[in-house]
Amino acid sequence: MISFDRRMDRFELFDSMDSPALNLTFVLELPDFRPWCKAQALPPFHVMLCAVLRSVLKVENFRYRILDGEVIRIDRLMPSFTVKNQHDDLNFAQFEWSDDVREFAARGVAARDEASNMEALNRKYRSMTPREAKEQVFVTCIPWLNFTSIQHPIAVLAQPDIPSFAWGKFRDAGAGRLELPFSVQVHHGFVDGYHIHLLAEQVAAEMTAMMQA
């Protein structure tokens, strides 16, 4: 927590505001991993999810949370994301982490199928303890839209400590690259624009490493 101790005054500044949320939507450029996914029989969304969550754990500022009025740092993540069910209504998918991208994707697909076949809202998250609830980030994908902004829901306006991510439609960028709209919502007491830049760089590095493994 040494890194957090250095920014305690920044945290106190933003945390005292009605809403300390920082929202940033930008064009994320990545190596075009879709041909590799096709060759490996891996779903691109779940590979993208794996790269994003690995990056969250590697950029420390995204690991800070508030629990019982104290700042903590998480050491693990419970992957979760939104899905569309058979009636085109939103539902939540959640599964256990795996360091192996193939197993990660397999668990993600199984969680997607389970949640998309539910008519009622999946409330698995209600079984989590308050500490476990902090070991997640909120993820949604809107693959039909090349959006330019998004406002994520916040359960408590003054405590947006669990990061929210969204990404949209992939588009070719030439030279083996692709682009997509990418949105980040965080507690500004923990994360600045520079740390979002580091996260974007890390996602690209994770993609490259996966394809070269």
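The values are calculated or read from the model by the stated rules, or taken from the named source; none is laboratory data. Since the model is a prediction, treat every value here as computed from it, not as a measurement. So basically every Cβ, Gly included, is an ideal-geometry build from the backbone, and we count neighbours across all protein chains shown. The area values use the complete protein model at the heavy-atom level, side chains included, leaving out ligands, DNA and RNA. Shrake-Rupley method; radii C 1.70, N 1.55, O 1.52, S 1.80 Å.
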Accessible area (Å², 1.4 Å probe, nearest 10) - Glu132: 80 Å²
Rounded to the nearest 10 Å², the accessible area of Asp99 using a 1.4 Å probe with every protein chain kept is 120 Å²
Cross-link reach list, aspartates and glutamates versus Lys84, counting only Cα pairs under 19 Å and skipping chain neighbours closer than eight places: Asp113, Glu114, Glu119
Cα-based shape type of the range 21-172, given that a ≥ b ≥ c are square roots of the gyration tensor eigenvalues and the cut on a/c is 1.5: rounded
Roughly to the nearest percent, how much of the accessible area of the chain is carbon and sulfur, given a 1.4 Å probe? 53 percent
23 Å Cα-Cα threshold exceeded, pairs from Lys134/Lys169; Lys58/Lys124; Lys58/Lys169; Lys38/Lys169: Lys134/Lys169; Lys58/Lys124; Lys58/Lys169
Looking at the range 133-180, which chymotrypsin sites (Phe, Trp or Tyr not before Pro) are in a loop (DSSP not H, G, I, E or B) and have at most 10 other Cβ atoms within 10 Å? Trp144
Checked the range 102-213 with the C-alpha gyration tensor, a ≥ b ≥ c its square-rooted eigenvalues, rounded below a/c of 1.5, otherwise prolate if a/b is larger than b/c and oblate if not; verdict oblate
What is the sum of charges around Thr82, taking Lys and Arg as +1, Asp and Glu as -1, for the other residues whose C-beta is under 15 Å from the C-beta of Thr82? 0
Could you tell me which helices of the chain pass both thresholds, a Cα extent of 27 Å or more along their own axis and a mean Kyte-Doolittle hydropathy of at least -0.5, with helices taken as whole DSSP H runs? 193-212
Taking a probe of 1.4 Å and leaving out DNA, RNA and ligands, the chain shows per residue an accessible area in Å² of 50 Å²
Using +1 at the C-beta of Lys and Arg and -1 at the C-beta of Asp and Glu, which of Gln151, Gln136, Ala173 has the Cα lying farthest in the positive direction of the dipole of the range 116-184? Gln136
Lys, Arg +1 and Asp, Glu -1 on Cβ, resulting dipole of the range 79-206 about Cα centre, debye, nearest 20: 240 debye
Using the Karplus curve 6.51 cos²θ - 1.76 cosθ + 1.60 with θ = phi - 60°, work out ³J(HN,Hα) for each residue of the range 167-179 in order, rounded to whole Hz, and write x for Gly and Pro. 9, x, 5, 6, 9, 5, 10, x, 6, x, 10, 9, 10
